[in-house]
Amino acid sequence: ALTQKAHTGNVESVYSSLSCSDIYNVADFLLKWCYDSFGSVVTPKIYKELIKNTVEDDFPKTIVKGLIFCLPPEELSTLMALLQACQLISAAHEVTKMSAQALATCIAPNLFYNATETDLKVMQAEAQQCNRIFEYLIEEFPHLLQVNAQN
């Protein structure tokens, strides 16, 4: 039923018919699928570079874009599909009640992480950095591909 509504192009009708449990089930499925398929979507080397180049709320956006496009093809495709879905959900935030920041807070810690880190304070600080990066990627998704195609 949701697929049929999605094909009509009426975003509000798709989201308005979802219950909270539907949304949580879909989100849970996506996060488990990504975790089982990839673990962290970003490779350990790229993750370390992302964290190294992020200082509090400031990070060089061109470096972040460049690092994202260094991902292996499967991970990049998965990330782009997820960013597109997040961008569509946040664009309809009046209906979905999910902003780019809220989506990033829910999704980034499950997709951008260092599996070898055990210090909780470091993990928390890095999670906040990843949230900001993921929020930026959601907001900039429509432009990410254009900028890359121009270079």
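Checking region 94-115 against the condition returns a match, with at least one residue being surrounded by 12 or more Cβ atoms within 10 Å (Cβ to Cβ), at positive phi and either modelled with pLDDT of 80 or more or touching a strand residue (DSSP E or B) at 6+ places or on another chain (Cβ under 6 Å) (or both). Inspection of region 141-151 identifies no residue that is touching a Ser or Thr at 6+ places or on another chain (Cβ under 7 Å), among the β-branched types (Val, Ile, Thr) and part of a helix (DSSP H, G or I).
For region 129-145, a residue qualifies if it is open to solvent by 10 Å² or more (accessible area, probe 1.4 Å) and not polar (S, T, N, Q), and the qualifying residues are Arg132, Glu135, Tyr136, Glu139, Glu140, Phe141, Pro142, His143, Leu145.
Take the conditions (1) open to solvent by less than 80 Å² (accessible area, probe 1.4 Å); (2) under 26 Å from Glu126 (Cα atoms); (3) at pLDDT 80 or above; Ala91 misses just one of them, which is (2).
The values are calculated or read from the model by the stated rules, or taken from the named source; none is laboratory data. Just so you know, these numbers come straight off a predicted model, no measurement behind them. When we count neighbours, we look across all protein chains shown, and the Cβ atoms used for this are built from the backbone with ideal geometry, even at glycine. These accessible areas exclude ligands, DNA and RNA; they are computed on the full protein's heavy atoms, side chains included. Shrake-Rupley method; radii C 1.70, N 1.55, O 1.52, S 1.80 Å.
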